[in-house]
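What follows is a short report on a single structure.
The values are calculated or read from the model by the stated rules, or taken from the named source; none is laboratory data. These numbers come from a predicted model, not from an experiment. All Cβ positions, glycine included, derive from the backbone under ideal geometry; neighbour counts span all protein chains shown. Accessible surface is based on the protein model in full, side chains and every heavy atom, while ligands, DNA and RNA are left aside. Shrake-Rupley method; radii C 1.70, N 1.55, O 1.52, S 1.80 Å.
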Amino acid sequence: MRDLYAMTRDQLEALLAEWGEPRFRSKQLWTWLYEHKAGSFDEMTNLPKSLRARLAEETTLGTLTLATERQSTDGTVKRVYQLSDGQLIESVLMPYRDGRRTACISSQAGCAMGCAFCATGQMGFARHLSSTEIFAQAATIARELAERGERLSNVVLMGMGEPFHNYDNVMAAVRRLNTDLGIGARHITISTVGIAPKIRQLATEGIQVTLAISLHAARDAERSAMMPVNRRWDLEELLDAVREYQAATNRRVTFEWALIAGKNDGLDEARSLGRLLQGLDAHVNLIPLNPTSGYDGAPTDPEQAARFVAELERFGISATVRVRRGIDVDAGCGQLKSEVLRRRRTPPEGAP
Ligand code: SAH
Ligand code: SF4
């Protein structure tokens, strides 16, 4: 089923033209969607009954219903959507001064990987998202940006969920981001916790996406304690898969490292990381931990982060400390959804 809310105006016009409808029908339909925010086809009283019936049969009115939206002082817009079965997912728009517009989208409702520091991991797994549900998050943002003359330039699969645990749907969505929204594969980043066989599979796809690996520790004991997935595919196997991917694609790989004070931000850890990545075409993104209620850890301060970067540079590894966008709107992975759930559990004022 095609989701009308996931279609561009051109796509909508093309669909109705294909059905032999006159041009003004697509304008009427667009008005129902974006001025009246129609939730059913019955409301669209100026469309002929036959057209409404066909729309109801062959299309849907959005897989995404907005549950909460917050705008941060840095321009970040964070949203929680409710899916047709009630599941909640997050997506984020991050505008950058250089003109880039990046959408951070979810691949699953919840996540089964259980990383200790992650709000989504702390919720557990609910279900995979369909490729339409994944695509629609970016398509919605792209459409809104287009309306104000801006273009969605980048998409990162860094919202809720582990993309490689939902590999086929993610790849189908990625292909549509490329063909339907015109986002170059190089501007699409898939971030994975490190599911080695899927990294190998990606190497065979012939698609030039950017691969990001969430590492966070450079020794197996520490990584397994934070990220249970490491017990299944340890660092050696993970790095082997990355080398295979790099040999096949010649693409630089990004490694994500949440800097946690006193835990993985020492110079000793930096040296272990430097040694681990030796010989790879790699870049390290260091993100000071975004504290979550289910994990007892604090972000590294900027001075220590700078020392960590300098130590990595001694190994010839480039690294950047990233500012967490939208920190004032809970724009960390899974955090706004946790807040929405908390609010729902809180009884209304005056309740016994
Ligand atoms: N499941 C994928 C993608 C979603 S998470 C993955 O794990 O890679 C996106 C990024 O946010 C990952 O690098 C993840 O490790 C990181 N992350 C999760 N919780 C975080 C937190 N509390 N602080 C900082 N980074 C966090
Ligand atoms: Fe899942 Fe990624 Fe969170 Fe780990 S960090 S629990 S893989 S969403």
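Table for the structure above
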| read-out | value |
| --- | --- |
| Search result, residues across the stretch 124-155 that are open to solvent by less than 20 Å² (accessible area, probe 1.4 Å) and charged (D, E, K, R) | GLU133 |
| Pairs where the first residue, in the stretch 216-237, is more than 18 Å from THR254 (Cβ to Cβ) and the second is away from ligand 1 (no atom under 12 Å from the Cβ) and outside any helix (DSSP H, G or I), C-beta under 8 Å, 6+ apart | ASP220/ASP234; SER224/ASP234 |
| Selection within the stretch 259-288 - in a helix (DSSP H, G or I), in contact with a helix residue (DSSP H, G or I) (Cβ under 7 Å, 6 or more places away or on another chain) and over 13 Å from ILE213 (Cβ atoms) | LEU267, ALA270, ARG271, GLY274 |
| One residue from ALA310, ALA248, ALA282, ALA305 being small (Gly, Ala, Ser), assigned by TED's automatic domain parsing to the domain that holds ARG70, at pLDDT 95 or above and over 24 Å from ASP220 (Cα atoms) | ALA248 |
| Some residue of the stretch 281-302 being more than 16 Å from ligand 1 (Cβ to nearest atom), open to solvent by 10 Å² or more (accessible area, probe 1.4 Å) and hydrophobic (A, V, I, L, M, F, W, C) | no |
| Options ARG97, ARG186, ARG143, ARG151: the member that is over 17 Å from the mean Cα position of the chain (by Cα), assigned to a helix (DSSP H, G or I) and away from ligand 1 (no atom under 11 Å from the Cβ) | ARG143 |
| Subset tally (residues that are surrounded by fewer than 24 Cβ atoms within 10 Å (Cβ to Cβ) and within 22 Å of ASP3 (Cα to Cα)) for the stretch 175-187 | 8 |
